[in-house]
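See structure below.
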Amino acid sequence: MQEEKYEELQLVRSHLLHWELSTSEINVFYCSAHSLSSYRVLLLNTLSCPIYSEEKLQGKCILYKSTIEEVAWLNRSNIIFAGQDKWSLDPRVDLVTKGQLEYSLRIQKVDVYDEGSYTCSIQTKQKPKTSHVYLIVQVPASIYKVSEDVIVNEGSNVTLSCLASGRPDPIITWRLAAGWEEFLDIIGIMRNQAGRYECKASNDVATPDVKYVNVVVNYPPTIQKIQSSETPVGRVGMLQCDANAVPKPEFEWYRDEKSINIQMLGTTTILVFSNVSEEDYGNYTCVATNRLGIQNASVFLYSECTQYTAAATHRNSQTQREGSVSSFKLVSMSIK
């Protein structure tokens, strides 16, 4: 047996698999296949016909190489090349030769439709031999449909969908919730679950595709803070009321069931007394409302000479849903 020799096949712009066939004798063949993580060399004898699987990124170029006397390349049962004669009408496919004993099949801009089995048929002085390689085309993950921004009332059920394509099949992940599914279900959504949700589709072929869905959760007002300060006669006095709500709350101040003009600062309302008199001291009620409900709280404007049980209270706070009828009464506090 003469000394065998074979050389490595270089796939054009490829990093996934290299495939080579070479010979120094009529009936002895070698095939080497290697990727980033592995490498192996197999002997092809007259009784075996190995099949290899090869992965390639869509849009790249694939190159299959063989070194023989006569060669034919086939895709499934369709002849691509018979020797130097091209049978395929696809302009992306050509034959790269090196000397008289090497014929390499090259496919430019690989597409998913190129996936499948390729056969190299070898003509020797005895009888033809064949070897097969299976091309797997990889496609980066791409999100083609995602839920639009969502506005819901607190306590509602929410389903966010994120559909993506790719080869291999992409994995769908959501940033603000656990789970690995294409659909994210939130049962009884709460206000602290509002925000920007990130859908990420990845399959390790290219940079993951990312889309976003904004989720707004509506909820009735909640008075977070009501504040007063000791204010002598003749000084400027202020009563402050802070409330959280979506949509933003509207505020009203009442004293003895009479409405008072107020200053609004977003989710904060301030009742200002420019020149406090004895008649100004007493109980005031802050009322915060939106279309989902209402809440009120009371607070005292007081002087240093006035002692009271508490400076503020959230008594008789009420929360109603949209369309309901609500009422409130002023809560007086005992002054000693």
Pro220 fails exactly one of (1) closer than 30 Å to Leu301 by Cβ; (2) modelled with pLDDT of 95 or more; (3) touching an Asp or Glu at 6+ places or on another chain (Cβ under 7 Å), namely (3)
Considering only residues that are in contact with a Lys or Arg (Cβ under 9 Å, 6 or more places away or on another chain) and either hydrophobic (A, V, I, L, M, F, W, C) or at pLDDT 90 or above (or both), which ones fall in the range 171-198? Ile171, Ile172, Thr173, Trp174, Leu176, Arg196, Tyr197, Glu198
The range 106-144, residues that are basic (Lys, Arg), surrounded by 13 or more Cβ atoms within 10 Å (Cβ to Cβ) and closer than 17 Å to Leu95 by Cα: Arg106
Mind checking which residues of the range 275-296 are of a type in the set (A, V, I, L, M, F, W, C) and within 17 Å of Asn261 (Cβ to Cβ)? Val276, Cys286, Val287, Ala288
Scanning the range 51-62 for residues that are surrounded by fewer than 20 Cβ atoms within 10 Å (Cβ to Cβ) and under 18 Å from His132 (Cα atoms), the one modelled with the lowest pLDDT turns out to be Ile51
For the range 140-197, give me the residue count where each residue is hydroxyl-bearing (Ser, Thr, Tyr) and over 30 Å from Gly116 (Cα atoms). 6
How do the strands (runs of 3 or more DSSP E) wholly within the range 209-296 filter down when requiring 1 or more residues that are touching a His at 6+ places or on another chain (Cβ under 7 Å) and touching a residue at least 12 places away in the same chain (Cβ under 8 Å): which remain? 209-227
Conditions (1) among the small types (Gly, Ala, Ser); (2) under 23 Å from Asn75 (Cβ atoms); (3) under 14 Å from the mean Cα position of the chain (by Cα): number failed by Ser147: (2)
Selection status of Ser131, at pLDDT below 95, over 14 Å from Val215 (Cα atoms), among the polar types (S, T, N, Q) and touching a Cys at 6+ places or on another chain (Cβ under 7 Å): yes
Counting just the residues of the range 213-248 that are closer than 17 Å to Gln193 by Cα and of a type in the set (A, V, I, L, M), which one comes out surrounded by the most Cβ atoms within 10 Å (Cβ to Cβ)? Ala245
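The values are calculated or read from the model by the stated rules, or taken from the named source; none is laboratory data. Worth saying up front: this structure is predicted, and the values here are computed from it rather than measured. In this analysis, Cβ positions are derived from the backbone assuming ideal geometry, glycine residues included, and neighbour counts consider all displayed protein chains.
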